[in-house]
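Read through the structure below, which is laid out as structure tokens, and then see the notes.
The values are calculated or read from the model by the stated rules, or taken from the named source; none is laboratory data. No experiment lies behind these values; they were computed from the predicted model shown. All Cβ positions, glycine included, derive from the backbone under ideal geometry; neighbour counts span all protein chains shown.
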Amino acid sequence: MIFRKEDGSANVANVVERKSRYTVLFRNNDRPSKPIMGQLISHLGALPVQARQSLTFDRGLEFVSWRELEKGMETSVWFCDPQAPWQKGTVENTNKRVRRYLPPETILLDVTNGEIRALGERLNTTPRKCLGFQTPKEIFSQCLPAMKDQSM
């Protein structure tokens, strides 16, 4: 998610697991690809392999170092077709939810990493109609034991 250019290149990355809607948010202070890939590995690398089998990106320049993910955590990478936002509907919906708390005029460097993590936690603990009024955190937690059993 990009904010006002006048306030710098800081942005928020948003990774959403499609089945549970579990969301990971983190701030990048710039848009070079390698640091973003490093942060993805840092944030997602501890998950079981089955929970991070693939990631789908749009065609932004911040994703040109996608091969780092394949090397760093054995994750396949896919790209949406150009001008096809419906191929990443869950992420677009999550962006809309995040914008309630971080509108485009937000000076992102004034927002702490802790506040961004707290926003992710808030999203993950909000019941969703599409999940039978369970939370993304509950659904994701239910899936983790099954994933661990499959890897043994």
Task: Matching residues, the range 5-43, being closer than 28 Å to Leu131 by Cα and touching a Leu at 6+ places or on another chain (Cβ under 8 Å) - done: Val12, Ala13, Asn14, Val15, Ser20, Arg21, Thr23, Val24, Leu25, Arg27, Leu40, Ile41
Open item on the list: Given the options Thr112, Thr135, name the one that is at pLDDT 90 or above and over 30 Å from Ser9 (Cβ atoms).
Closed with: Thr135
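Can you say whether Arg59 is at pLDDT below 85 and out of contact with any Leu (no Cβ under 9 Å at 6 or more places or on another chain), as far as the supplied structure shows?
Yes; evaluated as a whole, the condition is true for this residue.
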TODO: State yes or no: is Gly120 among the small types (Gly, Ala, Ser) and more than 21 Å from Ala51 (Cβ to Cβ)?
DONE: no
Task: Residue check for Thr125: over 22 Å from Lys5 (Cα atoms), at pLDDT 90 or above and among the β-branched types (Val, Ile, Thr) - done: yes
TODO: Could you tell me which of the residues Phe133, Phe57 is surrounded by 13 or more Cβ atoms within 10 Å (Cβ to Cβ) and either aromatic (Phe, Trp, Tyr) or in contact with a Pro (Cβ under 7 Å, 6 or more places away or on another chain) (or both)?
DONE: Phe57
